[in-house]
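A.B. asks: Handing you a structure now.
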Amino acid sequence: MSEQNAAPNAEQIEVWNGATGAKWVRYQDRLDRMLAPFGEAVIRAASIQPGERVLDVGCGCGATTLDAATRTGPGGRVLGVDISLPMVERARERSAARKLPAAFAVSDASLHDFGDDAFDLLISRFGVMFFDEPAAAFTNLHGALAKNGRLAFVCWRTMPENPWLAVPLRAALPLLPPFESPPPGAPGPFAFADSARVTALLTEAGFRDIEMKPFDAQLVLGTPGGDPVAEALDQSLEIGPLSRLLADQPDDLRRRVAEAVRAELAKHQTADGVTVGGATWIVTAKA
Ligand SMILES: C[S@@+](CC[C@H](N)C(=O)[O-])C[C@H]1O[C@@H](n2cnc3c(N)ncnc32)[C@H](O)[C@@H]1O
C-alpha cells in the first residue's frame, strides 16, 4: 500500500468505487449467472432458518443478500454491507422491486460498528478476501455475531486450480511485458487460497469448528445463443486480473492478446456455451 493510501483498505475502496465496480454493475446479470453455483453452495452450507438475522459481507450487487432474505422470511432480516457505492446502488434497485427484509449499507465491513450480537449468521460470496488486515476484520465480524452464531462463505482456491482465470491469463502472458505478481495472501481473489492461513486467521478472530470443503463447478463464461466465444472473451478481458494487466497497454498489444485469448477460449466451447472450471473452498465456522 502506498503512503497516501495508508488508511485500511483504501486501495480496495478506490478499486471497487472506480472502473472495477462500474464493470461489476455493467456485467451484473452475466456475473450472477456465472457465480450462481457458488452462491447456491454457500446458501446450502449456511442453512438459513426463517426469522434469522443475516449479514452478507461484500454483498456487491446483492444477489446473495436477496436470496438470503427470501429464506429468512419477513420475521428475519438481512443486511448487505459493501464498500462499493455503485454496486450497493444496483443492489438497492433490485431490492426495491421486491418486498423482502433486506437492507444495504455502504461501509467497510472490517471497521463497521454492527453492534454486539446483531446477527445469527454471516454469509459471503467472494466478498471477504480483500481485507488489508483479515484477522482484525474477522475479529470485528465475530463481535457482530450472536453466541452460537455461524459463518459460511466461499472463496477461490489457487489460480492454477481455476482455469476460468488461468486459461485466458496463460494465453496472454507471453505477449505481456513482465510484471510483478502480488505476494501470496495479498488482498485479492486468491488471498484465501491457503486453507491453513484461513483457519489460523479465523481462529485468531475467535471462530471455532472451522471447516473448509473444496467445491468445484463449471463457470459459464459465454452463453449459447449469440456468440459465446465473443461473450467469454469480452468478460475475460474486462473482469479480473487480465483487465488490470491490459489497462495501460497499447491497442495493438490488446488486439494480439484478444486473438490469443479467443483461440484458447474457443477450445472450451460446449453445447452449454464456453464453460471453464472453477475451484473454491466453502468455509463454515461457529462464533
Ligand atoms: C468479488 S466481489 C463479490 C461481490 C458479490 N458478493 C458477488 O458475489 O457478486 C467482492 C466484493 O467485496 C467488496 N469488498 C471488498 N472489501 C470490502 C470491505 N472491506 N468491506 C465491505 N465490502 C468489501 C467489494 O466492493 C466487492 O463488491
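A.B. asks: Which ones in segment 30-44 are within 21 Å of residue 141 (Cβ to Cβ) and buried (at least 20 other Cβ atoms within 10 Å of the Cβ)?
C.D. replies: Across segment 30-44, the qualifying residues are 38, 42.
A.B. asks: While we're here: Which residues, taken from segment 47-66, are more than 11 Å from the ligand (Cβ to nearest atom) and not hydrophobic (A, V, I, L, M, F, W, C)?
C.D. replies: Selection gives 47, 49, 50, 51, 52, 53.
A.B. asks: Which of the helices (runs of 4 or more DSSP H) found entirely inside segment 206-287 contain at least 3 residues meeting this: loosely packed, with under 14 Cβ neighbours inside 10 Å?
C.D. replies: In segment 206-287, 251-266 are the helices (runs of 4 or more DSSP H) which contain 3 or more residues that are loosely packed, with under 14 Cβ neighbours inside 10 Å.
A.B. asks: Continuing with the same structure: Could you tell me whether any residue of segment 6-29 is more than 12 Å from the ligand (Cβ to nearest atom) and either open to solvent by less than 40 Å² (accessible area, probe 1.4 Å) or in a loop (DSSP other than H, G, I, E, B) (or both)?
C.D. replies: Yes, segment 6-29 contains a residue that is more than 12 Å from the ligand (Cβ to nearest atom) and either open to solvent by less than 40 Å² (accessible area, probe 1.4 Å) or in a loop (DSSP other than H, G, I, E, B) (or both).
A.B. asks: Can you report the number of residues in segment 124-155 which are touching a helix residue (DSSP H, G or I) at 6+ places or on another chain (Cβ under 6 Å), open to solvent by less than 10 Å² (accessible area, probe 1.4 Å) and either within 9 Å of the ligand (Cβ to nearest atom) or of a type in the set (Ser, Thr, Tyr) (or both)?
C.D. replies: Residues meeting the conditions: 1.
A.B. asks: Looking at segment 67-86, which of its residues are within 14 Å of the ligand (Cβ to nearest atom), open to solvent by 10 Å² or more (accessible area, probe 1.4 Å) and either in contact with a strand residue (DSSP E or B) (Cβ under 8 Å, 6 or more places away or on another chain) or within 14 Å of residue 126 (Cα to Cα) (or both)?
C.D. replies: Those that are within 14 Å of the ligand (Cβ to nearest atom), open to solvent by 10 Å² or more (accessible area, probe 1.4 Å) and either in contact with a strand residue (DSSP E or B) (Cβ under 8 Å, 6 or more places away or on another chain) or within 14 Å of residue 126 (Cα to Cα) (or both): 79, 82, 83, 85.
A.B. asks: Of these, 191, 196, 136, which one is within 30 Å of residue 234 (Cβ to Cβ), modelled with pLDDT of 95 or more and among the aliphatic types (A, V, I, L, M)?
C.D. replies: 191
The values are calculated or read from the model by the stated rules, or taken from the named source; none is laboratory data. Source: prediction; values computed, not measured. Neighbour counts run over all protein chains shown; Cβ positions are idealised from the backbone, glycine included. Please note that ligands, DNA and RNA were not included when accessible areas were found on the heavy atoms of the full protein model with its side chains. Shrake-Rupley method; radii C 1.70, N 1.55, O 1.52, S 1.80 Å.
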